[in-house]
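Everything below concerns the one structure shown next.
The values are calculated or read from the model by the stated rules, or taken from the named source; none is laboratory data. The model shown is predicted, which means the values in this text are computed figures rather than measured ones. All Cβ positions, glycine included, derive from the backbone under ideal geometry; neighbour counts span all protein chains shown. Note: areas computed on protein heavy atoms with side chains; ligands, DNA, RNA excluded. Shrake-Rupley method; radii C 1.70, N 1.55, O 1.52, S 1.80 Å.
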Amino acid sequence: MTVREMVENDIPAVVKIEQECFTAEAWSEESFRYRLGKPGFISLVAVDNGEVVGYIAASEILDEQYLDSLAVRADYRGQGIATSLMKEAFDEEKTVYLEVRKSNLPAIGLYKKLGFTQYAERRDYYDNPTENAILMRNENLR
């Protein structure tokens with residue numbers, strides 16, 4: 001498995017993973033395409049045997065970075081791909097922020113393992129179903 005920059009040809013596979021993982025609020029092809037090559041955006045894919053098996057979309061403003069979306073194909077989960085994508089995407093000198101559904105215990109477990117801590121909870125942040133978001137940050141991802 002390798003991690004590399006996302007390119008135009010990766011977008012259909014990325015959108016398929018996005019739709020499988022985030023049916024209610026899935027990003028469109030245009031959303032991913034808009035970010036490619038633009039300053040302030042990080043778009044990486046994990047590739048195994050020529051197939052996109054995961055991706056990360058992040059953004060950065062000055063000394064802060066934000067996890068915007070992260071997903072791994074169901075048949076590739078538990079292999080450290082999300083961890084590899086996060087470590088590749090983020091700069092150890094910057095604070096990283098994210099929000100996650102309160103019920104997404106596997107993701108929360110991953111983030112805690114990477115040193116993220118909860119600093120707030122945002123009521124009714126998510127739709128379909130309505131759910132609170134846990135706000136987390138990490139000041140030293142490495």
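A few remarks follow.
- Selected residue (only one of Val3, Val47, Val100 is outside any loop (DSSP other than H, G, I, E, B) and closer than 21 Å to Tyr126 by Cβ): Val100
- When Gly37 is tested against the conditions (1) open to solvent by 40 Å² or more (accessible area, probe 1.4 Å); (2) of a type in the set (Gly, Ala, Ser); (3) closer than 15 Å to Asp75 by Cα, the lone failure is (3).
- Looking across segment 103-112, the residues that are open to solvent by less than 90 Å² (accessible area, probe 1.4 Å) and among the hydrophobic types (A, V, I, L, M, F, W, C) come down to Ala107, Ile108, Leu110.
- Which listed residue is of a type outside the set (A, V, I, L, M, F, W, C) and either in contact with a Cys (Cβ under 9 Å, 6 or more places away or on another chain) or within 20 Å of Tyr126 (Cβ to Cβ) (or both), from Glu60, Glu20: Glu20
- Residues satisfying the stated conditions in segment 113-124, i.e. without any contact (Cβ under 8 Å) to a residue 24 or more places away in the chain and either open to solvent by 90 Å² or more (accessible area, probe 1.4 Å) or assigned to a helix (DSSP H, G or I) (or both): Gln118, Tyr119, Arg122, Arg123
- Being within 16 Å of the chain's Cα centre (by Cα), among the charged types (D, E, K, R) and not in a strand (DSSP E or B) holds for only one residue in Asp91, Asp68, Asp75, and it is Asp91.
- Every residue from segment 125-142 that is closer than 23 Å to Val72 by Cβ and surrounded by 14 or more Cβ atoms within 10 Å (Cβ to Cβ): Tyr125, Tyr126, Glu131, Ala133, Ile134, Leu135, Met136, Arg137, Asn138, Leu141
- Subset of segment 52-65 that is open to solvent by 50 Å² or more (accessible area, probe 1.4 Å) and not aliphatic (A, V, I, L, M) - its residue that is farthest from the chain's Cα centre (by Cα): Asp63
- For segment 78-88, a tally of residues being part of a loop (DSSP other than H, G, I, E, B) and open to solvent by less than 70 Å² (accessible area, probe 1.4 Å) returns 1.
- In segment 125-142, the residues that are in contact (Cβ under 8 Å) with a residue 60 or more places away in the chain and aromatic (Phe, Trp, Tyr): Tyr126
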